[in-house]
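The values are calculated or read from the model by the stated rules, or taken from the named source; none is laboratory data. Just so you know, these numbers come straight off a predicted model, no measurement behind them. Every residue, glycine as well, gets a Cβ built from its backbone with ideal geometry; the counts of neighbours run over all protein chains shown. When the accessible area is computed, the model is the full protein with side chains, heavy atoms only, and any ligands, DNA or RNA have been set aside. Shrake-Rupley method; radii C 1.70, N 1.55, O 1.52, S 1.80 Å.
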Amino acid sequence: MKKSRIVALAKAMISSSFPTLKELTLKLKMLDTDDFVMAIRLEGKEIHLDVSREDAARMERSVVTGVLAHELCHAEEDYRRGPFFDALFSWLYERIPGLETRMERRIDIEVIRKGYGKELLAFQRYHDRLYEPYDQTDGLTVQEIEEALHDS
């Protein structure tokens, strides 16, 4: 997916599903990286979205939507906490085993609650096919997402 389409998709998702982020400016960079598919961070009134160029080129729209929903949930949570508490939580995540796992699983549940469960599932399947499969320490697994979608 091209950069302009990812930006348009992100803006549409923010407008419809992430109202707390509407006042922020979105900045997207396509990077040559093997470290992640997509990553997000807040800096002042800007949302910085970094996207793997290789993954963007091969992901279908539903896959992009799933990972983008996950990252926007992170941004929304970080924004609500504010910079001080966000820095504190980041420090704690690095030092307390299991805290990051609980956060990732909570974020995935929020993605499903916001109505992006099928897209999250598409992303998890994509990720598991091309990279080391997610387990329960990384967030919700494919099976857990399928069960959550079946129960809703």
>> Can you pull out every residue in region 80-110 that is open to solvent by 80 Å² or more (accessible area, probe 1.4 Å) and at pLDDT 90 or above?
In response: R102, R106, I109
>> Which numbered condition in (1) within 16 Å of the chain's Cα centre (by Cα); (2) surrounded by 13 or more Cβ atoms within 10 Å (Cβ to Cβ) is the only one that R113 fails?
In response: (2)
> Mind checking which residues of region 17-32 are among the polar types (S, T, N, Q) and farther than 18 Å from V63 by Cα?
Replying inline: T20, T25
>> Just to verify a result, which residue in region 1-26, among those that are out of contact with any strand residue (DSSP E or B) (no Cβ under 8 Å at 6 or more places or on another chain) and of a type in the set (S, T, N, Q), is least open to solvent (accessible area, probe 1.4 Å)?
In response: S17
>> For region 95-151, give me each residue that is closer than 13 Å to H70 by Cα, aromatic (F, W, Y) and either outside any helix (DSSP H, G or I) or out of contact with any helix residue (DSSP H, G or I) (no Cβ under 8 Å at 6 or more places or on another chain) (or both).
In response: Y116
> Residues in region 6-40 that are touching a residue at least 40 places away in the same chain (Cβ under 8 Å) and either of a type in the set (V, I, T) or under 29 Å from P133 (Cα atoms) (or both): how many?
Replying inline: 9
> What pairs can you find where one residue is in region 41-55 and over 14 Å from H70 (Cβ atoms) and free of Cβ contacts under 8 Å to residues at least 60 places away in the same chain, the other is aromatic (F, W, Y) and not in a helix (DSSP H, G or I), and their Cβ atoms are less than 7 Å apart, with a gap of 6+ or different chains?
Replying inline: S52/F36
>> Criterion first (basic (K, R) and closer than 22 Å to A56 by Cα) does K114 satisfy it?
In response: no
> Does at least one position in region 119-127 carry a residue that is more than 19 Å from R5 (Cβ to Cβ), open to solvent by 80 Å² or more (accessible area, probe 1.4 Å) and at pLDDT 90 or above?
Replying inline: yes
>> Taking the condition of being surrounded by fewer than 16 Cβ atoms within 10 Å (Cβ to Cβ) and assigned to a loop (DSSP other than H, G, I, E, B), how many residues in region 27-70 meet it?
In response: 8
